[in-house]
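Working notes, structure below.
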């Protein structure tokens with residue numbers, strides 16, 4: 001390698017790396033460890049973790065959300081999704097040997113299309129943030145416009161990723177502020193021409209947004225309406241597609257994937273039929289074989305970015321097969337009634353928890369708008385301090401609202417989420433612990 005590059009020593013290969021970021025002095029590790037000693041050391045380090053859950057020693061009762069949620073995962077979902085046929089399968093480009101995986105992904109697409117209220121869903125993307133980036137890329141390609149109006153109610157990490165990619169694509173990201181917890185579209189000039197209008201419904205602070213108002217702006221500006229939705233909320237709310245969304249994206253971790261620091265996650269993506277040839281990633285279709293039997297294939301392959309790179313609006317050519325199949329199993333197990341029950345139980349827990357917390361002296365609501373299963377509170381102490389104190393009491397109390405909300409009335413709030421797993425006894429104990437921590 002060095003000879004082909006015209007270099008004489010290995011240090012020259014890394015000369016472009018700035019000295020400030022190079023490791024100085026080597027790693028503080030012993031010269032050699034046996035496998036058994038190394039495993040023992042890793043187990044000691046792992047034991048310091050305090051996971052969200054109920055049973056593990058030192059685990060924390062989870063009231064955190066902000067994009068990742070502590071939902072129940074039935075035993076049947078864990079059992080089926082861990083089968084070797086799904087765990088080891090990856091690229092189903094040879095349909096004659098991948099009918100099972102292809103059918104599972106086709107069913108997943110069907111379920112996501114129903115949840116979103118749109119005609120077409122792909123076979124998943126990496127995570128919700130990646131789905132948003134791809135949706136904006138698709139909208140800009142469809143409209144020929146680079147301006148993106150993005151609500152400040154969108155998850156701040158998703159917004160940050162969108163801005164990062166925009167540095168390469170040239171998209172102009174314009175923020176639309178919140179008022180009372182929901183997007184203030186009146187701040188947008190009447191003559192604006194946009195490629196995409198991005199809204200989260202419910203938004204990051206848990207508030208229910210007016211999708212119809214965003215639809216009116218999209219009609220006026222000529223842009224595609226991109227809605228980031230909470231797929232669990234689809235159990236009780238109208239679908240974004242029925243409210244006028246052109247593209248719907250979301251995070252699918254809530255369907256069968258346990259909380260784990262850093263992932264894995266699952267990007268949901270659905271659009272209208274008019275944009276099917278711009279759809280990023282993999283698409284599975286239903287057909288018949290030479291014997292007229294039902295069969296499944298990866299379809300519209302000519303629109304995929306690895307084939308028509310010069311005309312591509314995306315560089316995504318893969319998907320999250322295992323997480324997508326897991327989501328399909330979870331949704332199939334729940335059914336329409338089961339999903340509605342989870343959404344309703346989560347909403348009822350949120351209402352009870354929010355009213356109980358607002359009864360604590362010094363605690364106030366950060367927003368005025370209605371909420372569903374997540375809500376923001378103002379506290380008489382810093383949220384980071386509260387989180388540390390409640391961790392000692394056995395609670396993961398929420399998420400501190402900081403990044404992406406600097407200088408707004410929501411900066412310094414505590415974002416609290418509930419799921420169907422939170423019992424009345426857990427909520428009562430949480431409220432008591434928060435009251436103690438605040439005082």
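Couple of notes before you dig in:
- Of residues in region 404-425 being assigned to a loop (DSSP other than H, G, I, E, B) and free of Cβ contacts under 8 Å to residues at least 60 places away in the same chain, the one surrounded by the fewest Cβ atoms within 10 Å (Cβ to Cβ): 407
Residue-wise test of (1) under 19 Å from the mean Cα position of the chain (by Cα); (2) farther than 12 Å from residue 62 by Cβ; (3) modelled with pLDDT under 95.
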| position | (1), (2), (3) |
| --- | --- |
| 388 | no, yes, no |
| 397 | no, no, no |
| 404 | yes, yes, no |
| 409 | no, yes, no |
| 425 | no, yes, no |
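- Of the residues making up region 87-96, those that are part of a helix (DSSP H, G or I) and under 12 Å from residue 296 (Cβ atoms) are 95, 96.
- In region 322-335, the qualifying residues are those that are in contact (Cβ under 8 Å) with a residue 12 or more places away in the chain and more than 20 Å from the chain's Cα centre (by Cα), and the one that is farthest from residue 109 (Cα to Cα) is 333.
- Of the residues making up region 18-44, those that are surrounded by 10 or more Cβ atoms within 10 Å (Cβ to Cβ) and not in a helix (DSSP H, G or I) number 1.
- When region 391-401 is filtered for residues that are farther than 19 Å from residue 421 by Cα and outside any loop (DSSP other than H, G, I, E, B), the ones remaining, listed by number, are 392, 400.
- Among the candidates 343, 350, 328, the residue that is in a helix (DSSP H, G or I) and touching a strand residue (DSSP E or B) at 6+ places or on another chain (Cβ under 8 Å) is uniquely 350.
- When residue 221 is tested against (1) within 18 Å of the chain's Cα centre (by Cα); (2) surrounded by fewer than 24 Cβ atoms within 10 Å (Cβ to Cβ); (3) farther than 30 Å from residue 63 by Cβ, exactly one condition is not met: (1).
- Members of region 345-362 found to be touching a helix residue (DSSP H, G or I) at 6+ places or on another chain (Cβ under 7 Å) and under 18 Å from residue 422 (Cβ atoms), listed by number: 346, 349, 352, 353, 356, 357, 360
- Sole residue being closer than 20 Å to residue 92 by Cα, out of contact with any helix residue (DSSP H, G or I) (no Cβ under 6 Å at 6 or more places or on another chain) and surrounded by 15 or more Cβ atoms within 10 Å (Cβ to Cβ), chosen from 316, 284: 316
- Any hit, region 45-55, residues being in a helix (DSSP H, G or I), at pLDDT below 95 and outside the structural domain of residue 266 (by TED's automatic domain parsing): yes
- Filtered residues of region 106-119 (kept if outside any helix (DSSP H, G or I) and either buried (at least 19 other Cβ atoms within 10 Å of the Cβ) or not assigned by TED's automatic domain parsing to the domain that holds residue 242 (or both)): 117, 118
- Note on region 129-154: residues that are part of a strand (DSSP E or B) and surrounded by fewer than 17 Cβ atoms within 10 Å (Cβ to Cβ) total 0.
- Test: residue in region 380-388 that is buried (at least 21 other Cβ atoms within 10 Å of the Cβ), more than 21 Å from residue 420 (Cα to Cα), in the same structural domain as residue 65 (by TED's automatic domain parsing) and touching a helix residue (DSSP H, G or I) at 6+ places or on another chain (Cβ under 7 Å): yes
- For residue 262: the one exception among (1) part of a loop (DSSP other than H, G, I, E, B); (2) touching a residue at least 12 places away in the same chain (Cβ under 8 Å); (3) surrounded by fewer than 23 Cβ atoms within 10 Å (Cβ to Cβ): (2)
- Residue 261 meets each of the listed conditions (1) touching a strand residue (DSSP E or B) at 6+ places or on another chain (Cβ under 6 Å); (2) at pLDDT below 95 apart from (1).
- Odd one out for residue 367 among (1) over 30 Å from residue 114 (Cα atoms); (2) touching a residue at least 40 places away in the same chain (Cβ under 8 Å); (3) in contact with a helix residue (DSSP H, G or I) (Cβ under 7 Å, 6 or more places away or on another chain): (3)
The values are calculated or read from the model by the stated rules, or taken from the named source; none is laboratory data. Here the structure is a predicted model, which means the values were calculated and not measured. Note that we place each Cβ from the backbone using ideal geometry, even for glycine, and neighbour counts take in every protein chain shown.
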